[in-house]
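Peer 1: I am attaching a structure below and will ask some questions about it afterwards.
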Amino acid sequence: KHRLPIDPEALFISSVIHSVDHFIAGTASAWRHMEHSALPCKLHPLNFLARVFYPAMDNDIASNLLRHHQHENEFFGELFSTLHKLDPEYADVVTVSLAS
């Protein structure tokens with residue numbers, strides 16, 4: 001129905017799956033003290049990775065969450081609606097950013 005300049009499966013993996021993966025990893029590791037020589041945990045009392053790199057960009061200045069962009073075009077609206085019917089919690093964390 002929508003003509004996209006990207007393979008639909010690649011879009012699904014790089015946007016939907018990647019976003020949900022970040023949400024699950026961030027939730028699972030939040031508030032845990034993970035110490036490793038390669039992680040900058042010693043700089044912060046909380047898990048630096050879970051707090052900075054896992055969450056979607058959702059603030060007053062900018063947001064990359066699909067739920068905030070669903071009214072920009074028909075494709076975003078239909079995608080969010082379909083995902084929300086499947087799982088509202090995960091639909092709320094999907095971003096419009098593409099992972100590479």
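Quick note: the coordinates plus some simple rules give every number you see, no bench work behind them. All values reported here derive from a predicted model rather than from experimental measurement. Here Cβ is always computed from backbone atoms with ideal geometry, including for glycine, and neighbour counts include all displayed protein chains.
Peer 1: Would you mind putting 3-11, 64-72, 84-92 in packing order, based on average other-beta-carbon counts within 10 Å, highest first?
Peer 2: Averaged packing, sorted descending, gives the order 64-72, 84-92, 3-11.
Peer 1: Near the amide H of residue 63, under 5 Å away, which other amide H atoms are found, from residues 5 or more places off or on another chain, if H is placed in the peptide plane?
Peer 2: Distant-sequence amide H within range of residue 63: zero hits.
Peer 1: Continuing with this model, one more query. Could you please report the charge total around residue 90, scoring K, R as +1 and D, E as -1 over all other residues with beta-carbon less than 13 angstrom from its beta-carbon? Don't skip to the answer; put the middle values down first.
Peer 2: Numbers: positive: 67, 85; negative: 21, 87, 89, 92.
Neighbourhood net charge equals -2.
Peer 1: From the backbone phi of the stretch 15-23, what are the Karplus-calculated ³J(HN,Hα) couplings (6.51 cos²θ - 1.76 cosθ + 1.60, θ = phi - 60°) in whole Hz, Gly and Pro given as x?
Peer 2: Karplus values, whole Hz, x for Gly and Pro: 10, 5, 4, 4, 5, 5, 4, 4, 4.
Peer 1: Ok, one more. What distance in nm lies between label points placed 7 Å from Cα along the C-beta direction at residue 27 and residue 64?
Peer 2: 2.0
Peer 1: Grab the Cα-Cα distance for residue 3 and residue 76, subtract it from 0.36 nm times how many residues apart they are, and report the gain in nm with one decimal.
Peer 2: 25.0 nm
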